[in-house]
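The values are calculated or read from the model by the stated rules, or taken from the named source; none is laboratory data. Note that the coordinates shown come from a computational prediction; the quantities given were computed from them, not determined experimentally. All Cβ positions, glycine included, derive from the backbone under ideal geometry; neighbour counts span all protein chains shown.
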Amino acid sequence: MLEFYKEHWYLALVLLGMVIGALLLSRKAMLASAKRNRERDAVLAELKEKNEAAKLFHTLDAAGAAAMDSKTLFAAAALHTQSLLENKADPNTAFCALPIAVQQVYALHYLFEDAATSLSHFFKENGKPLTPAAHEAVHALLGEALAESFDPMYAAYDPDNETASLLPEMLAQWNAAFAAAFVPDDLYPRIAAHIRENFADFSE
């Protein structure tokens, strides 16, 4: 056998290459599997966290809402609403039947999640009735600067607005303007105050 490979040394190189290739593929498969496991674990942890937040709000009273930090209260209220809507045959109709304060907080929750990527990502992922509720909430709760940076893209993505155009070259400019005005830590207290003021609507 050794004499064979001495005479046919190129076959030994081919065999060695195949072995190395198999090892590399095996390593890549192991890394991909580990990545998938990490992603799965992250999704499961996120789902568990959201479920616990929704349950937390379900048992909350006004005093508890007053004592809870603003960011947690915002998430808990929105996820509680989501837990109610996801079991409905027609979630959009059920959403429109909610009190305005609840609609606003729920829409802002999605806006905050998607705006971490970009404002345009929010509009690409969502439509009516969520985007009009977000528009109303931004104007009512989040201040003039953020509302002004929100409005151009809202108008451009509104299929009923025939006076506005969605120009690709403007997206980057609108995204940048919104990102500059969007400071979540400054906004959580405003939203939490809104929830506390309208707590009866959220606890129905």
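Miscellaneous remarks
- Every condition in (1) out of contact with any Pro (no Cβ under 7 Å at 6 or more places or on another chain); (2) without any contact (Cβ under 8 Å) to a residue 60 or more places away in the chain is met by PHE182 except one, and the failing one is (2).
- Test for LEU108: is it under 20 Å from PRO91 (Cβ atoms), of a type in the set (A, V, I, L, M) and within 22 Å of the chain's Cα centre (by Cα): yes
- Some residue of the stretch 65-85 being part of a helix (DSSP H, G or I), surrounded by 19 or more Cβ atoms within 10 Å (Cβ to Cβ), touching a Lys or Arg at 6+ places or on another chain (Cβ under 6 Å) and among the hydrophobic types (A, V, I, L, M, F, W, C): yes
- Search result, residues across the stretch 175-204 that are part of a helix (DSSP H, G or I) and of a type in the set (Asp, Glu): ASP185, ASP186, GLU197, ASP201
- Applying the condition of being in contact with a helix residue (DSSP H, G or I) (Cβ under 7 Å, 6 or more places away or on another chain) and at pLDDT below 75 to the stretch 138-169 and asking which residue is nearest to VAL102 (Cα to Cα) yields ASN161.
- Test result for ALA193, at pLDDT below 95, surrounded by fewer than 19 Cβ atoms within 10 Å (Cβ to Cβ) and within 28 Å of ALA63 (Cα to Cα): no
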